[in-house]
Structure formats: C-alpha cells, structure tokens
Amino acid sequence: MSKKKSISILGCGWLGVPLACHLIEKGYLVNGSYRDIDNKSTLINNSIEPYQINLADKELLKNTDSFFDVNYLIISIPPGRSPAINKQYADLFTNVIESANRFKLEGVIFLSSTSVYPASQANVSETCDDSPDKPVGHAILAAEKKLSNDLTCPITILRLAGLIGYDRVPQNYLKDKKVIRMSDGPVNLIHRDDCIRIIEGVLNKKVWKETVNVCYEEHPTRKEYYQAAADKYNFELPPFENSDQSNFKIVDNAKLKNIFGNDLLKYSNPLELFR
C-alpha cells in the first residue's frame, strides 16, 4: 500500500480551509496554518493538523519543522491592506523558503493574484511584463520573483482572478455601495470551487514550473453580472455609473485551458451562477 502524500497549506482562510477539506477527501494528509488562536478549532474540527504560524512573528516560526516536512506546500497568504505590510510582503517568505529547501519538497504552489497586471485596457496573459499599477500588485509580483528565484524545488504560480462563491456574492459586496462604477467594464472572476479544482489539477498532473492565470473565459460587464444576481436573488441595485471606463483589463485564460482542457471547471461564465 502506497504511503499517503502530505500537504501543508500556509494560510487556512476562506480558500485554504475548504481546499484542505477537499484534499483530505482525496486522501492527502493535510497540515494547515492559522494566525489567530480563535481559528485553531476550525482546523481541528475539519481534521486539519493545526499549526500557529505568523510569518511576521519569528517566535511563531519555531518548532515548525513537521509543518514543512511534507511532499507539497501551498502558500495562500495575501499581502493584506497595510502599505507597510505590502513593502515587507516578499521578505516574509525568507524563512519559508529556507524550510522548504531544507526538506526538499516535491513542489510548491503559490496562490498569487491577477492584480500583478495593470489596467491596460486590453487582454493580459502570463507573458505580460507591464508593471502593476497598484502597490498590492507590486508586492505580490515581488513575492513571486523571490519564491521563483530562491526555492530549489519546483514552484507553480497560480494568478487567481476575483474570488466568488458562497458568501462572496454581489448582494453582500454591494450592500454599502452608493453607486456601481465602471458598469460597462469587464469582470475577471473565478469561483472558489473551481480554484480548488485547478489546485488539485496541478498536483494530479504535476504541472510544475508554470505561471497560470486562473480566470473564467467569459468576461461579462459589471452591469450584466450584478443585474443577473439582482434578478435571481431579488435585491435592489445601486445606480450604475459609466465613469473611468479606461480602468480595466481582460485576463486571458488560454494557458489554463491548454493545460487542463475544457472539462475541469464547473463554470465558464460567472453569469452561470445566477441561472
């Protein structure tokens, strides 16, 4: 009988916990990190081996050898909203890289973001080398480069579009909005379930040393997306405003389809969520 593969998920939050649960169902042994003690019980209740890790606190990085002594590591830690954290974000992974290299992992998956692309009023693919137009994009791109350059094991970077599904629905997002700006601009979205499918696909197909956009092929306008949600769930929308129409990008998913085909994703168009 073959030994179970082991995975550590650095950052068990909105995406990390259900990802861990899915991988456990598929037969993996899964460790998960939490930062705040209040979240420990969530991991325990879902059969995830819990580790308290805060990359900004070296004391909480001690005694974590067993967390990194695994087959695979998935990094699911966004930079946060603080400008200071954004500047330090890439450096937070120094100790992670040292541990991963010491235990000779089979592979690392870094959950990045399409915010590394500027609003270029055009399609953006993985070959785009235009500079990000927001601090968070610069922070994430710097982390991508540090991990790619310093890790000795293979790494695949998944640039996730806007995450949707479950509680991340338009009626929650819009409840405090006075107006919907850029209503004719395209949306770049991906459902959480499909993110998990892609991550599992990377592991199953051993898709290493790649950078891949994780986004749906179809890009309805904001107006179309929010109106479809309002029609289905019967809530009132704030007024649409067509200002700043030049501030958009269309994330290309051709590479994603080329690697995984057309059948892996549950959806191809975010409007399907409301049909």
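The values are calculated or read from the model by the stated rules, or taken from the named source; none is laboratory data. The shown structure was predicted, so the numbers you read here are calculated from the model rather than taken from an experiment. Positions of Cβ are generated from backbone atoms using ideal geometry, with glycine treated the same way; all protein chains shown enter the neighbour counts.
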Consider residue 96 against the criteria (1) closer than 21 Å to residue 157 by Cβ; (2) free of Cβ contacts under 8 Å to residues at least 60 places away in the same chain: it satisfies all of them except one. Which criterion is unmet? (2)
Among the residues that make up segment 190-201, is at least one of them assigned to a helix (DSSP H, G or I), crowded, with 20+ Cβ neighbours inside 10 Å and among the β-branched types (Val, Ile, Thr)? yes
Residue satisfying condition, being at pLDDT 95 or above, basic (Lys, Arg) and more than 17 Å from the chain's Cα centre (by Cα), within set 206, 175: 206
How many of the residues in segment 34-67 are over 13 Å from residue 96 (Cβ atoms) and touching a Leu at 6+ places or on another chain (Cβ under 7 Å)? 3
When restricted to 87, 26, the only residue out of contact with any strand residue (DSSP E or B) (no Cβ under 8 Å at 6 or more places or on another chain), closer than 19 Å to residue 158 by Cβ, surrounded by fewer than 16 Cβ atoms within 10 Å (Cβ to Cβ) and touching a residue at least 12 places away in the same chain (Cβ under 8 Å) is 26
Out of 76, 115, I need the residue that is crowded, with 18+ Cβ neighbours inside 10 Å, touching a Leu at 6+ places or on another chain (Cβ under 7 Å) and either of a type in the set (A, V, I, L, M) or at pLDDT 90 or above (or both). Which one? 76
Checking residue 66 against (1) under 21 Å from residue 200 (Cβ atoms); (2) surrounded by fewer than 21 Cβ atoms within 10 Å (Cβ to Cβ), only one condition comes out false. Which one? (1)
Quick one: what pairs do we get from segment 57-83, first residue within 27 Å of residue 163 (Cα to Cα), second part of a loop (DSSP other than H, G, I, E, B) and among the small types (Gly, Ala, Ser), C-beta under 6 Å, 6+ apart or different chains? 76/11; 77/11
Across segment 213-237, what is the total count of residues that are assigned to a loop (DSSP other than H, G, I, E, B), surrounded by fewer than 17 Cβ atoms within 10 Å (Cβ to Cβ) and in contact with a helix residue (DSSP H, G or I) (Cβ under 9 Å, 6 or more places away or on another chain)? 4
In segment 172-189, residue farthest from residue 28 (Cα to Cα) [restricted to those that are of a type outside the set (A, V, I, L, M, F, W, C) and not in a loop (DSSP other than H, G, I, E, B)]: 186
Mind listing whichever residues of segment 144-165 are within 17 Å of the chain's Cα centre (by Cα) and not in a helix (DSSP H, G or I)? 155, 156, 157, 158, 159, 160, 161, 162, 163, 164, 165
